[in-house]
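Data first, discussion second: the structure below is written as structure tokens.
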Amino acid sequence: MKIREAKAGDEAELVNLFTTLDRETRFMLMEPGERKTTIERQAKLIEEFAQSNSRVLFVANEGEKLLGFLGGTSGTANRERHTIHIAMGVLASHWGKSIGTQLMQTMCVWAKANCFYRIELTAMETNQRAIALYEKVGFEIEGVRKGSLKVDGNFVNELYMG
């Protein structure tokens, strides 16, 4: 398994990864079938990310198969350019195999090399596995976004972590 930046040629596998993650876990933002990203649009996003020093998309791959991703985007205003907001997902079949830890460590190294002072994220309060991972790599809970998401008809709190 390798961690690397997404590159041209990954677009079809990324669309497949995101679709699978949306379907197999309730912890992603999008519901099954809600994501409408085409292969062409994903290719354009990969190109845009590759040309930016304020956005990054890492993938975990085993051969041609993508097992997970971690994406980060910084703000555009001067007062927030030092902060990058991240989102991550790993296929359920590969949970517990340190892929999330390696993605997070890679992001931390990249963020430091690119002069980011702060990395932040949100996690559903019920996603104890992810919260434990984030705390393990040094994130702290900074607040609660009460009822910020609605999953399967129920309001869910998100933890704001940095």
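Taken together, the values in this text are just the output of simple stated rules run on the coordinates, not laboratory data. The structure displayed is predicted, hence computed values, not measured ones. No Cβ is skipped: glycine too gets one built from the backbone with ideal geometry, and neighbour counts run over all protein chains shown.
Some notes on this structure:
- Choice from GLY63, GLY96, GLY72 showing the highest fluctuation, given a GNM over the chain with Cα pairs closer than 10 Å: GLY63
- Counting neighbouring beta carbons within 10 Å and listing from fewest to most, the residues THR19, THR122 come out as THR19, THR122.
- Summary of the geometry: the stretch 130-147 and the stretch 21-90, compared by the centres of their Cα atoms, lie 19 Å apart.
- Helical contribution to [θ] at 222 nm, DSSP H n ≥ 4, -39,500 (n - 2.57), averaged over the chain, rounded to 500: -9500 deg cm²/dmol
- Dipole axis of the chain (+1 Lys, Arg; -1 Asp, Glu on Cβ), positive-most option in ILE39, MET88, THR106: THR106
- Spin-label model distance (nm) - THR73 vs LEU149, 7 Å beyond Cα toward Cβ: 1.7
- Relative contact order computed over the chain (Cα-Cα under 8 Å; 6+ residues apart), in percent: 18
- Translational D in µm²/s for the stretch 2-120 (Stokes-Einstein at 37 °C, 0.692 mPa s, Kirkwood Rh from C-alpha pairs): 223
- Net charge of Cβ neighbours under 12 Å - reference SER74; Lys, Arg +1; Asp, Glu -1: +2
- Kyte-Doolittle mean at least -0.5 and Cα axial length at least 27 Å: DSSP H helices in the chain: none
- Residues of the stretch 119-146 with amide N under 17 Å of a point placed 7 Å along Cα→Cβ from ARG23: none
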